[in-house]
Amino acid sequence: MSPLDTTAESPTIAEAKRQVEICNACRYCEGFCAVFPAINRQRIFASGDIQQLAHLCHNCRGCYYSCQYTPPHEFAVNLPRILAETRAEDWDRFAWPSGFGGLFQRQGLAIAGLLVLALAALFLAVQGIRPQGGEGFYAYLSHGAMVAIFLPAFVLPLVAIGVSLRRYWRTVGGGAVQWRHVKAALMDSARLKNLSGGQGQGCNYEKEDRYSDTRRWMHQAVLYGFLLCFASTSSGTLLHYAGYPAPYGFWSLPKLLGIPGGILLTVGGLGLAWLKTQADRDLNAPAYWGGEMAFVLLLTATGLTGLVLYAATGTAAVQPLLALHLGTVLAFFLLMPYSKMIHGFYRVAALIRDAQIKMKDQRPTIPQPPVRAAVSPPAWDADSRG
Ligand code: SF4
Ligand code: SF4
């Protein structure tokens, strides 16, 4: 299958289809997550339907531990794994430029590590050309240089993500998006509703014998930590253009948003990395484990290097730490379309598509005129012809 061929049915999708059809006959896991109601709405599954189901699944593993058809049963159902493999295949299949997604999934740790070090070395070299009269971090790198580097590094990955989402949307047959679809999807994402398990009991992610909310809380910490850090940087940019350039004090908006954001990102990232080491790899996509771990560590390093840099303010360590932090942030942005970061965009798209389908199903039906009972033709056979 070519990475550009977004419609071909790969062996992974064919196997997922086989398992989904078993689930559709069984229906035991109906209340577990958004995947099963979506399965139960259909009888026949196209490749795009399977891909949509894959991006709805969040690998909680609840269905696996409840299933009577897991290996060694001949049905060999392992839905969390086959949907994870379908998702990871999509991260590569829809990526633009093609091939980068698969490369990162297979060599993520090496790529992320080398890119951070190379970019940090570059920032250190650029700091040799010191700006005149800058204060704080701007004493090492001018505001103009930061904008010139980070603006394209932010916009280009967003363009790549837009292309990937468009490919996904066409594959799953998405229609015109309305605000009510987006609202439903954002509400689910903000609460991480689907990570709470079917009845709010949590996941079986790291403990097969009991439910736990640890993964949900760690994921929430990362999500809100990331958003706070982003808000901190945005507020700093606005203040700069409003005539209040950095450095900012502890009680300034950039610091009040950035410090808790960095702490949440670091704690949540470390928690998720630890959970990944505890969970059974056979229930995820084992071939992509390194790429997922590389993404979690990169995300954690983004928060951690920012906090360490802040703690080192006023010392000689600022120069190398600033280079390391900027290198980490830049690597994170550049790898966004190819690392597991892309899963968040597909997840929201899948939830929007799910809302579209559900709302269409729930739309009140237009009253139809009563159907008149079919009038049977008069019995007319050879004997009655007279
Ligand atoms: S995962 Fe197993 S128990 Fe659950 S619906 Fe599928 S076949 Fe049935
Ligand atoms: S692993 Fe969890 S989210 Fe995925 S299909 Fe099974 S129950 Fe649903």
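The set of residues from region 25-38 being surrounded by 20 or more Cβ atoms within 10 Å (Cβ to Cβ) and more than 9 Å from ligand 2 (Cβ to nearest atom) comprises just one member, 38. Quick one: which of 121, 76, 84 is away from ligand 1 (no atom under 15 Å from the Cβ) and in contact with a helix residue (DSSP H, G or I) (Cβ under 9 Å, 6 or more places away or on another chain)? Answer to the check: 121.
Of all the listed residues (9, 85, 89, 74), the sole one being away from ligand 2 (no atom under 14 Å from the Cβ) and outside any loop (DSSP other than H, G, I, E, B) is 89. Within region 61-71, being within 9 Å of ligand 1 (Cβ to nearest atom) and either of a type in the set (Val, Ile, Thr) or assigned to a loop (DSSP other than H, G, I, E, B) (or both) holds for 67, 68, 69, 70.
Just one of the numbered conditions (1) in contact (Cβ under 8 Å) with a residue 24 or more places away in the chain; (2) surrounded by fewer than 22 Cβ atoms within 10 Å (Cβ to Cβ); (3) closer than 21 Å to residue 32 by Cβ is not true of residue 231: (3).
Tally the residues that are of a type in the set (Gly, Ala, Ser), over 21 Å from residue 292 (Cβ atoms) and out of contact with any Asp or Glu (no Cβ under 9 Å at 6 or more places or on another chain), restricting the search to region 307-357. Matching residues across region 307-357 total 7.
No lab work stands behind these numbers, since they all come straight from the coordinates. Treat the numbers as computed from the prediction; the structure is a model and nothing was measured. Cβ coordinates were reconstructed from backbone atoms using ideal geometry, including for glycine residues, and neighbour counts include every protein chain displayed.
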